[in-house]
Amino acid sequence: MEINKVMIIGAGQMGSGIAQVCAQSGYDVLLHDMNEEALDKGMKNIEKRLNRNVEKERMTASEKTETLHRLTASGSLSDASSCDIVIEAIVENMDVKTKVFADLDKFAPAHAILASNTSSLPITEIAAATNRPSQVIGMHFMNPVPVMKLVEIIRGLQSSDETYQAIENMAKSLNKTPVEVKDFPGFVSNRVLMPMINEAIYTVYEGVASPEDIDTVMKLGTNHPMGPLTLADFIGLDTCLYIMEVLHEGFGDSKYRPCPLLRQYVKAGWLGKKSGRGFYQYN
Ligand code: CAA
Ligand code: NAD
């Protein structure tokens, strides 16, 4: 299947990164967000990162202009009608995602693939909200998208081989390394990463050490590029909590219970870097 035109739903940190790498790789891209301000911010962030690439001589000024020409802000989900694939990167919530997939199923052409960048939610359940479950699949990029090489590809129960192959080819065309993963809660990346982050939060909660010291231990002691609490702030504490809840509910095992401190911070609106405060404060 040939993919030329891509629509990305959600212009937050993941959606704007996915839109950027798709446009850089020659795809025509529509970027949509239900929040106009978020869409504007997402478009501006892409331009900033492209300017940085020109400054650093990773791309020429004319490549930047061509990339921006391939990228259009979209005010309506119905624009999916002109696309070969839609990649959804909105909030990590099953009810919200299934509503968007049911709408996309109405608007997107019959041949189009509907992919989700979900961190942990079952692809099979998202697919069941559509009348094309064989064309629904997980395409899980890592944050920050322009830098990280991995794409986890998650097959739902009914995802077809043709859909899988199209997504694998597309991931490679974006200069990413695809890995096939079964549809289990948290897939591989977050089943392994998120319990570590949750445990680091328990370590703060129990007063074992300060956030700075916990991050220093993991950075200098285990060579992680970011400590787990800096990484949690970077991912978004709301997203971390949603993922822990999916693991807890999905496996029914108390070892995945989210730390009460994580819940409290999210309730306070401390969502990490994107809200200006999490385990650390940001300008
Ligand atoms: N967007 C785009 N590019 C970014 C970026 C961002 N948010 N942040 C950093 N970069 C790029 C910049 O281009 C920068 O290079 P230049 O300065 O030459 O432009 C380069 O990364 C290095 O950045 P820094 O020197 O500022 O900082 P660093 O050396 O610490 O690297 C990092 C930044 C790549 C993010 C590194 O700290 C890292 O790898 N951290 C861990 C990231 C990680 O684990 N990601 C996975 C999260 S889990 C996930 O994504 C799955 C999920 O479902 C939750
Ligand atoms: P974010 O909060 O930065 O952005 C989400 C965007 O989606 C917001 O701009 C919001 O306005 C928009 N949105 C919400 N509901 C919408 C709807 N119904 N229609 C259109 N737009 C809508 O979140 P993010 O960090 O970019 O995460 C997005 C998705 O990617 C989540 O499923 C998350 O689990 C996944 N993910 C996140 C990371 C990470 O490190 N943050 C990594 C991989 C995957």
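The values are calculated or read from the model by the stated rules, or taken from the named source; none is laboratory data. What you see is a predicted model, and the numbers here were worked out from it, not measured in a lab. Neighbour counts are summed over all protein chains in view; Cβ atoms, including those assigned to glycine, are modelled from backbone coordinates with ideal geometry. The accessibility values were calculated without ligands, DNA or RNA, using every heavy atom of the protein model including side chains. Shrake-Rupley method; radii C 1.70, N 1.55, O 1.52, S 1.80 Å.
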message: Based on this model, can you work out whether GLU37 counts as within 24 Å of SER119 (Cβ to Cβ) and loosely packed, with under 14 Cβ neighbours inside 10 Å?
response: yes
Identity of the residue in the range 1-20, touching a strand residue (DSSP E or B) at 6+ places or on another chain (Cβ under 8 Å) and open to solvent by 10 Å² or more (accessible area, probe 1.4 Å), that ends up nearest to ligand 1 (Cβ to nearest atom): MET14
message: Against the conditions (1) more than 14 Å from ligand 2 (Cβ to nearest atom); (2) in a helix (DSSP H, G or I), where does LEU39 fall short? Just the number, please.
response: (1)
message: Conditions first: (1) surrounded by fewer than 21 Cβ atoms within 10 Å (Cβ to Cβ); (2) out of contact with any Leu (no Cβ under 7 Å at 6 or more places or on another chain); (3) not in a loop (DSSP other than H, G, I, E, B). ARG263 passes all but one, so which condition is the exception?
response: (2)
- prompt: What residue, of ALA73, ALA23, ALA11, ALA110, is at pLDDT 95 or above and more than 20 Å from the chain's Cα centre (by Cα)?
  reply: ALA110
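In this structure, is ALA80 outside any loop (DSSP other than H, G, I, E, B), touching a residue at least 40 places away in the same chain (Cβ under 8 Å), among the small types (Gly, Ala, Ser) and more than 12 Å from ligand 2 (Cβ to nearest atom)? Lay out the reasoning, then the answer.
Numbers: outside any loop (DSSP other than H, G, I, E, B): yes; touching a residue at least 40 places away in the same chain (Cβ under 8 Å): yes; among the small types (Gly, Ala, Ser): yes; more than 12 Å from ligand 2 (Cβ to nearest atom): no.
Considered against the rule, which asks whether it is outside any loop (DSSP other than H, G, I, E, B), touching a residue at least 40 places away in the same chain (Cβ under 8 Å), among the small types (Gly, Ala, Ser) and more than 12 Å from ligand 2 (Cβ to nearest atom), ALA80 comes out as no.
Could you tell me whether VAL181 is of a type outside the set (Phe, Trp, Tyr), without any contact (Cβ under 8 Å) to a residue 24 or more places away in the chain and either out of contact with any helix residue (DSSP H, G or I) (no Cβ under 7 Å at 6 or more places or on another chain) or on the phi > 0 side of the Ramachandran plot (or both)? Full working, then the answer.
Numbers: of a type outside the set (Phe, Trp, Tyr): yes; without any contact (Cβ under 8 Å) to a residue 24 or more places away in the chain: no; either out of contact with any helix residue (DSSP H, G or I) (no Cβ under 7 Å at 6 or more places or on another chain) or on the phi > 0 side of the Ramachandran plot (or both): yes.
In short, no.
Taking THR230 as the residue in question, decide whether it is of a type in the set (Val, Ile, Thr), open to solvent by less than 40 Å² (accessible area, probe 1.4 Å), within 12 Å of ligand 1 (Cβ to nearest atom) and not assigned by TED's automatic domain parsing to the domain that holds ALA38.
On the way: of a type in the set (Val, Ile, Thr): yes; open to solvent by less than 40 Å² (accessible area, probe 1.4 Å): no; within 12 Å of ligand 1 (Cβ to nearest atom): yes; not assigned by TED's automatic domain parsing to the domain that holds ALA38: yes.
No: the conditions fail for THR230.
Taking HIS224 as the residue in question, decide whether it is without any contact (Cβ under 8 Å) to a residue 60 or more places away in the chain, surrounded by fewer than 22 Cβ atoms within 10 Å (Cβ to Cβ) and within 12 Å of ligand 1 (Cβ to nearest atom). Outline the logic, then answer.
Details: without any contact (Cβ under 8 Å) to a residue 60 or more places away in the chain: yes; surrounded by fewer than 22 Cβ atoms within 10 Å (Cβ to Cβ): yes; within 12 Å of ligand 1 (Cβ to nearest atom): yes.
It is true that HIS224 is without any contact (Cβ under 8 Å) to a residue 60 or more places away in the chain, surrounded by fewer than 22 Cβ atoms within 10 Å (Cβ to Cβ) and within 12 Å of ligand 1 (Cβ to nearest atom).
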